[in-house]
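Asker: To start, I am sharing the structure in question, which I have written as structure tokens.
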Amino acid sequence: MNSQPGHPELLRAINRAQLFKILKSARVVSRPYLAQETGLSRATVAVLTNDLLSSGLAEEVGLGASTGGRPPVLLQFNPDSAYALGAHMYDSQWGIIITNLDAKIVQRLDVHIPDQSPDAAVEALKAGVEEICSSVGGRILPAIGLGTPGLVDMRSGSIKTAADLGWVDVPIRDLVHEALGLETIVANRSKVSALAEFWYGAISSISNLIYISLGTGVAAGIILKGRLYVGANSSAGELGHTTVLPDGPVCPCGNRGCLQQLVSGPAIANRARLRLRENSRTLLRDRFGAHPELIGALEVFQAAEEGDDLAREIIEEAATYLGIAVANLVNLYNPELIVLGGPLGQAGHVLLDPVQKEVERRAMAYPLSAVQIMTSSLGIDAGAIGASVLVLQRAEELLFQDD
């Protein structure tokens with residue numbers, strides 16, 4: 001497309017995207033309403049809405065109320081007229097989904113990654129995308145969003161470092177684009193999970209939220225005034241590397257007392273193995289006494305849910321440190337919602353209750369009065385849904401880029 005200012009094709013695309021945005025937001029509109037909202041002539045709106053109708057993005061659904069003349073024909077947004085691809089990398093696998101234009105899941109697929117090399121990750125993603133796309137009829141937008149671990153430079157699409165994988169400066173965007181032939185948009189998985197909660201979470205009509213992912217690490221995604229906040233070089237939200245215990249355990253980042261070393265899955269599992277040596281009356285000893293190396297964080301959470309005193313003590317200790325960090329977020333950002341997610345964030349009230357108590361003890365009363373803390377309603381799909389949102393945010397452009 002010739003992008004010179006004033007070029008008719010460019011103006012048509014800009015105006016059509018404007019109509020699409022209004023239609024998607026309002027859901028049902030008339031042509032006169034679109035003309036009024038955009039300032040375009042009724043003739044121009046008529047031509048452009050024909051484009052929306054022919055592409056299936058809009059459907060005529062009857063007549064509206066008359067304002068003195070002929071009743072206007074109503075147009076309804078069709079969210080299933082096109083689909084978006086998103087993929088979330090976690091626990092040696094890709095969670096791949098296809099969503100409609102409202103970010104609702106149409107199809108999902110988990111694909112195992114055989115080893116920790118970037119090449120293996122890309123090959124597994126390619127195979128998964130080919131399989132899931134073959135199972136869905138209809139138009140798929142020519143892009144894919146990725147939610148990955150590690151520090152991600154969103155401008156270059158590279159993973160600067162992902163300690164769990166041993167990756168440094170991996171150009172994941174370019175590798176995936178070359179393999180799939182799709183435009184590729186990359187962000188940290190906690191950031192895309194925040195987008196998912198904003199677009200499609202349990203609570204609507206909020207514009208300031210923080211998503212905290214708890215798993216092998218700890219990270220946050222921050223939405224401020226309805227927009228993802230990424231910081232100066234896309235590294236905002238590294239909550240796991242904030243200090244909550246001066247002179248605490250050494251972190252791989254070089255600091256001491258990082259939140260990640262106190263509340264992540266490996267930290268909880270290690271604490272349980274150490275405490276097992278001095279505590280004989282616990283479900284953990286009954287189940288793992290001969291093989292404490294098999295204890296993982298999820299096993300500790302399960303024992304806590306069953307009322308095991310040692311497991312509850314360990315979880316409450318982790319919740320105390322997490323509550324300190326969350327209280328600081330409440331005071332700093334004044335969000336309306338904080339969501340606990342990731343593999344451990346789904347633990348339910350055994351974690352949520354003590355975190356809330358600590359936050360209530362430490363946060364300032366006024367910002368505290370505005371915030372709700374809850375576990376994710378989207379579960380493990382949050383990252384993949386949010387990755388698809390990276391694509392959906394550019395739907396207006398992608399839908400008509402070949403015209």
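The values are calculated or read from the model by the stated rules, or taken from the named source; none is laboratory data. Note that this is a predicted model, so its numbers are computed, not measured. Here Cβ is always computed from backbone atoms with ideal geometry, including for glycine, and neighbour counts include all displayed protein chains. Note: accessible area is taken over every heavy atom of the protein model, side chains too, but ligands, DNA and RNA are not part of it. Shrake-Rupley method; radii C 1.70, N 1.55, O 1.52, S 1.80 Å.
Asker: Just give me the residues in segment 254-305 being surrounded by 14 or more Cβ atoms within 10 Å (Cβ to Cβ), among the basic types (Lys, Arg) and not in a helix (DSSP H, G or I), in sequence order.
Answerer: ARG256
Asker: Also: Restrict the check to segment 332-342 and report whether at least one residue is part of a helix (DSSP H, G or I), in contact with a Phe, Trp or Tyr (Cβ under 8 Å, 6 or more places away or on another chain) and modelled with pLDDT of 95 or more.
Answerer: Here is the first cut: in segment 332-342, the ones part of a helix (DSSP H, G or I) are 332-333, 342.
Checking the rest, the ones that are also in contact with a Phe, Trp or Tyr (Cβ under 8 Å, 6 or more places away or on another chain) come to none.
No: segment 332-342 contains no residue that is part of a helix (DSSP H, G or I), in contact with a Phe, Trp or Tyr (Cβ under 8 Å, 6 or more places away or on another chain) and modelled with pLDDT of 95 or more.
Asker: Sticking with this one: Among the residues of segment 198-219, which ones are open to solvent by 40 Å² or more (accessible area, probe 1.4 Å), closer than 23 Å to ILE268 by Cβ and either in a helix (DSSP H, G or I) or of a type in the set (Phe, Trp, Tyr) (or both)? Write out each step before concluding.
Answerer: First, pick out the residues of segment 198-219 that are open to solvent by 40 Å² or more (accessible area, probe 1.4 Å): 198-200, 202-205, 207, 216.
Those still in the list that are closer than 23 Å to ILE268 by Cβ too: 216.
Listed by number, the list is empty, since nothing qualifies.
Asker: Take the conditions within 16 Å of PRO118 (Cα to Cα) and in contact with a Lys or Arg (Cβ under 9 Å, 6 or more places away or on another chain) and apply them to ASP164. Does it pass? Full working, then the answer.
Answerer: Values: within 16 Å of PRO118 (Cα to Cα): yes; in contact with a Lys or Arg (Cβ under 9 Å, 6 or more places away or on another chain): no.
So ASP164 does not fit the description; no.
Asker: Now for a different question. Mind checking which residues of segment 227-241 are open to solvent by less than 50 Å² (accessible area, probe 1.4 Å) and among the polar types (S, T, N, Q)? Explain how you work it out, then say what you get.
Answerer: Step one: filter segment 227-241 for residues open to solvent by less than 50 Å² (accessible area, probe 1.4 Å), giving 228, 230-231, 234-237, 239-240.
Residues satisfying the conditions are SER234, SER235.
Asker: Would it be correct to say that LEU310 is touching a Ser or Thr at 6+ places or on another chain (Cβ under 8 Å) and not in a strand (DSSP E or B)?
Answerer: Numbers: touching a Ser or Thr at 6+ places or on another chain (Cβ under 8 Å): yes; not in a strand (DSSP E or B): yes.
Yes; evaluated as a whole, the condition is true for this residue.
Asker: Among the residues that make up segment 284-300, is at least one of them among the hydrophobic types (A, V, I, L, M, F, W, C), touching a residue at least 40 places away in the same chain (Cβ under 8 Å) and within 26 Å of GLY341 (Cβ to Cβ)?
Answerer: Start the filter on segment 284-300 by keeping residues that are among the hydrophobic types (A, V, I, L, M, F, W, C), which leaves 284, 288, 290, 294-295, 297-298, 300.
Checking the rest, the ones that are also touching a residue at least 40 places away in the same chain (Cβ under 8 Å) come to 297-298.
Pick out the ones that are also within 26 Å of GLY341 (Cβ to Cβ) and you get 297-298.
Within segment 284-300, one or more residues are among the hydrophobic types (A, V, I, L, M, F, W, C), touching a residue at least 40 places away in the same chain (Cβ under 8 Å) and within 26 Å of GLY341 (Cβ to Cβ).
Asker: Just checking: which of the strands (runs of 3 or more DSSP E) contained wholly in segment 1-97 hold 1 or more residues that are open to solvent by 50 Å² or more (accessible area, probe 1.4 Å)?
Answerer: By residue number, 28-30, 58-63, 73-77.
Asker: Continuing with the same structure: Given the criteria open to solvent by 30 Å² or more (accessible area, probe 1.4 Å) and in contact with a strand residue (DSSP E or B) (Cβ under 9 Å, 6 or more places away or on another chain), does VAL250 qualify? Please lay out each step first, then the result.
Answerer: Numbers: open to solvent by 30 Å² or more (accessible area, probe 1.4 Å): yes; in contact with a strand residue (DSSP E or B) (Cβ under 9 Å, 6 or more places away or on another chain): yes.
Yes, satisfied.
Asker: Considering only segment 118-146, state which residues are part of a strand (DSSP E or B) and crowded, with 17+ Cβ neighbours inside 10 Å. So that I can check it myself, show each step before the final result.
Answerer: Going residue by residue through segment 118-146, those that are part of a strand (DSSP E or B) are 140-146.
Within segment 118-146, ILE140, LEU141, ALA143, ILE144, GLY145, LEU146 qualify.
Asker: Among the residues of segment 359-375, are any open to solvent by 40 Å² or more (accessible area, probe 1.4 Å), touching a residue at least 40 places away in the same chain (Cβ under 8 Å), not in a helix (DSSP H, G or I) and not hydrophobic (A, V, I, L, M, F, W, C)?
Answerer: Yes; the residues of segment 359-375 include at least one that is open to solvent by 40 Å² or more (accessible area, probe 1.4 Å), touching a residue at least 40 places away in the same chain (Cβ under 8 Å), not in a helix (DSSP H, G or I) and not hydrophobic (A, V, I, L, M, F, W, C).
Asker: Look through LEU224, LEU195 and report the one residue that is among the aliphatic types (A, V, I, L, M) and surrounded by 19 or more Cβ atoms within 10 Å (Cβ to Cβ).
Answerer: Values: LEU224 fails: surrounded by 19 or more Cβ atoms within 10 Å (Cβ to Cβ).
Answer to the check: LEU195.
Asker: Please work out which one of (1) among the small types (Gly, Ala, Ser); (2) outside any strand (DSSP E or B); (3) loosely packed, with under 14 Cβ neighbours inside 10 Å is the condition ALA103 fails and give its number.
Answerer: Of (1) among the small types (Gly, Ala, Ser); (2) outside any strand (DSSP E or B); (3) loosely packed, with under 14 Cβ neighbours inside 10 Å, only one is false for ALA103: (3).
Asker: Over 30 Å from SER190 (Cβ atoms) and in contact with a strand residue (DSSP E or B) (Cβ under 8 Å, 6 or more places away or on another chain): is that true of LEU63 in this structure? Working first, answer last.
Answerer: Details: over 30 Å from SER190 (Cβ atoms): yes; in contact with a strand residue (DSSP E or B) (Cβ under 8 Å, 6 or more places away or on another chain): yes.
Yes: the conditions hold for LEU63.
Asker: Residue by residue through segment 343-355, note down the ones that are within 16 Å of the chain's Cα centre (by Cα) and part of a helix (DSSP H, G or I). It would help to see each step written out before you state the result.
Answerer: As a first pass, look at segment 343-355 and keep what is within 16 Å of the chain's Cα centre (by Cα): 343-346.
Hits for segment 343-355 are PRO343, LEU344, GLY345.
Asker: Limited to segment 172-190, what total is found for residues that are in contact with a Pro (Cβ under 8 Å, 6 or more places away or on another chain) and in a strand (DSSP E or B)?
Answerer: Pass one, segment 172-190, residues in contact with a Pro (Cβ under 8 Å, 6 or more places away or on another chain): 172, 175, 182-183, 188-189.
When the remaining residues are screened for being in a strand (DSSP E or B), the result is 183, 188.
Number of matching residues: 2.
Asker: I need a count of the residues in segment 153-188 that are open to solvent by 10 Å² or more (accessible area, probe 1.4 Å) and modelled with pLDDT under 95.
Answerer: 5
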